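Below: one structure, written as structure tokens.
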Amino acid sequence: MEMNDMILMSVDDHIIEPPDMFDNHLPAKYKDDAPRLIHMDNGADMWKFRDRIIPNVALNAVAGRPKEEYGLEPEGLDEIRPGCYNAAERVKDMNAGGVLAGMNFPSFPGFAARLFATEDSDFSLALVQAYNDWHIDEWCGSHPGRFIPMGLPVIWDAELCAQEIRRNARKGVHSLTFTENPAALGYPSFHSDYWDPVWQALVDTDTVMCVHIGSSGKLSIPAVDSPPDVMITLQPMNIVNAAADLLWSAPIKKYKDLKIALSEGGTGWIPYFLERVDRTFDMHSTWTLQNFGGKLPSEVFKEHFLTCFISDPLGVRLRHEIGIDNISWEMDYPHSDSMWPHAPEELWNVFQEAQVPDDEINKITFENTMKWYHFDPFKHIPKEQCTVGALRAQAEGHDVSIQALSHHQSSAEDKLAAWEQQIQAAAAQQS
């Protein structure tokens, strides 16, 4: 295999939602109360929902921009690539980056759609369903075989959430974005039987629960004056917490077909984690009364969890300790960790350095993703047209050059000051 022969599917990309997304899907009686995109005097475009203002911060949509423009100030849609919010332009960017398909997490509603949880359950449900229908029918439906559909949860009601999982599954959706820690959002924990209808619906529909880093709204920051590098370094730690909480939970033992993806969590930490859970089980299960039916926790982990990585050379070298059937690649477009448009080059170098054979490359880059999410793009696109080389040939002439687009002229000091303000506000909200 050569680099251009790879087929790449990303299990973690992101949408910056367009302003017209609710137009065709929200009942007329709710349209005046729907979230709307407003243009600010400083040029930023922000979502407004009731008394909440949600900015598009600059680390969320930096694809194609110089690192000097990375930061946390709000942005206008004219400061980001159209592929962030336009499906047709996204496909062009994917072609230019050699990527066949991607699964797109939400932005302004939050990964668990907690923004939509209001005092009016009917209105909240209508918002979730409108978002899901827009995402499935318009965003994914516009380009069959190019997007892996994902549903938002009804986070405030387990029964309604189960119904929405089943409704989405009837439309071909086998992915649900969810919080890594419902207790942090004020809901029952994973250890409560409150979520049993959700687990059952996931199993019945072969739907994977995707717990994305940061989806609990909690930040891993030791102190309010920690530099931003600390938070960025520690981002995967919430996923480690979630993996432990879920692995030791009752649903993992009760629902043998339950599948959970640790989205954007990386993989390098997993071999140590698996050693640690097995030692914990060996040393303490007699008094903690844990029982995995004669199996080790590490064995059960490999039955239930999909791990996801962007580059992660260490994780690729230790892939057999993780489980070659439990690893999928992700690109993270248009976030600041993304390799776009040079993902094939960087990923190929990682594979070559780790001496990954062709069959294992295929599992990591597309076969595991197809299996876990019941996604088959080859029904729509001939397989020979799905490779890195074939897609890039289609994109010839598409501009992927680095461009300075920001209207803001913030200094590094200004960006750090903005960071400190946001962290102080987040700390106050969490306390």
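The values are calculated or read from the model by the stated rules, or taken from the named source; none is laboratory data. Note that the structure is predicted; figures quoted are calculated from it, not measured. For neighbour counting, all protein chains shown are included, and Cβ atoms are generated from backbone atoms with ideal geometry for every residue, glycine included. Areas reflect the complete protein model, heavy atoms only, side chains present, ligands, DNA and RNA absent. Shrake-Rupley method; radii C 1.70, N 1.55, O 1.52, S 1.80 Å.
Worth a mention:
- Cβ pairs under 7 Å, 6+ apart, first in region 232-258 and more than 21 Å from Thr280 (Cβ to Cβ), second at pLDDT below 95: Leu234/Ser220; Gln235/Ile213; Gln235/Gly214; Gln235/Ser220
- Residues considered: Val356, Val277, Val316, Val300. Of these, the only one that is assigned to a loop (DSSP other than H, G, I, E, B), open to solvent by less than 20 Å² (accessible area, probe 1.4 Å) and of a type in the set (Val, Ile, Thr) is Val356.
- Number of positions in region 298-331 that are among the small types (Gly, Ala, Ser) and out of contact with any strand residue (DSSP E or B) (no Cβ under 9 Å at 6 or more places or on another chain): 2
- Out of Ala162, Ala158, Ala223, sole residue that is of a type in the set (A, V, I, L, M, F, W, C), farther than 26 Å from Phe301 by Cβ and out of contact with any Ser or Thr (no Cβ under 9 Å at 6 or more places or on another chain): Ala223
- Output for region 193-209, where each listed residue is assigned to a loop (DSSP other than H, G, I, E, B) and open to solvent by 40 Å² or more (accessible area, probe 1.4 Å): Asp206
- The residues of region 320-334 that are among the acidic types (Asp, Glu) and buried (at least 18 other Cβ atoms within 10 Å of the Cβ), listed by number, are Glu330, Asp332.
- Of all residues assigned to region 168-182, at least one qualifies as being in contact with a Ser or Thr (Cβ under 6 Å, 6 or more places away or on another chain), assigned to a helix (DSSP H, G or I) and under 19 Å from Val11 (Cα atoms).
- When residues in region 286-297 are screened for being loosely packed, with under 15 Cβ neighbours inside 10 Å and assigned to a helix (DSSP H, G or I), 3 of them pass.
- Filter result for Glu164 (part of a helix (DSSP H, G or I) and within 19 Å of Asp376 (Cα to Cα)): no
- Single match in Ile239, Ile252 (criterion: assigned to a helix (DSSP H, G or I), crowded, with 17+ Cβ neighbours inside 10 Å and either among the basic types (Lys, Arg) or touching a Gly at 6+ places or on another chain (Cβ under 9 Å) (or both)): Ile239
- Apart from one condition, Arg170 fits all of (1) surrounded by fewer than 23 Cβ atoms within 10 Å (Cβ to Cβ); (2) touching a helix residue (DSSP H, G or I) at 6+ places or on another chain (Cβ under 7 Å); the exception is (2).
- Odd one out for Asp337 among (1) assigned to a loop (DSSP other than H, G, I, E, B); (2) modelled with pLDDT of 95 or more; (3) out of contact with any Pro (no Cβ under 9 Å at 6 or more places or on another chain); (4) open to solvent by 10 Å² or more (accessible area, probe 1.4 Å): (2)
- Evaluation of Glu119 against the conditions (1) under 19 Å from the mean Cα position of the chain (by Cα); (2) without any contact (Cβ under 8 Å) to a residue 40 or more places away in the chain; (3) not in a helix (DSSP H, G or I) shows that the sole unmet condition is (1).
- Qualifying positions in region 287-320 - more than 16 Å from Ala243 (Cα to Cα) and touching a Leu at 6+ places or on another chain (Cβ under 8 Å): Ser311
- Pairs with Cβ under 9 Å, 6+ apart, first in region 22-43 and open to solvent by 90 Å² or more (accessible area, probe 1.4 Å), second part of a loop (DSSP other than H, G, I, E, B) and charged (D, E, K, R): Lys31/Asp23
- Per-region count, region 197-225, residues free of Cβ contacts under 8 Å to residues at least 40 places away in the same chain and either more than 23 Å from Cys308 (Cα to Cα) or of a type in the set (Val, Ile, Thr) (or both): 4
- Some residue of region 11-21 being free of Cβ contacts under 8 Å to residues at least 12 places away in the same chain, under 25 Å from the mean Cα position of the chain (by Cα), surrounded by fewer than 20 Cβ atoms within 10 Å (Cβ to Cβ) and over 30 Å from Gly389 (Cβ atoms): yes
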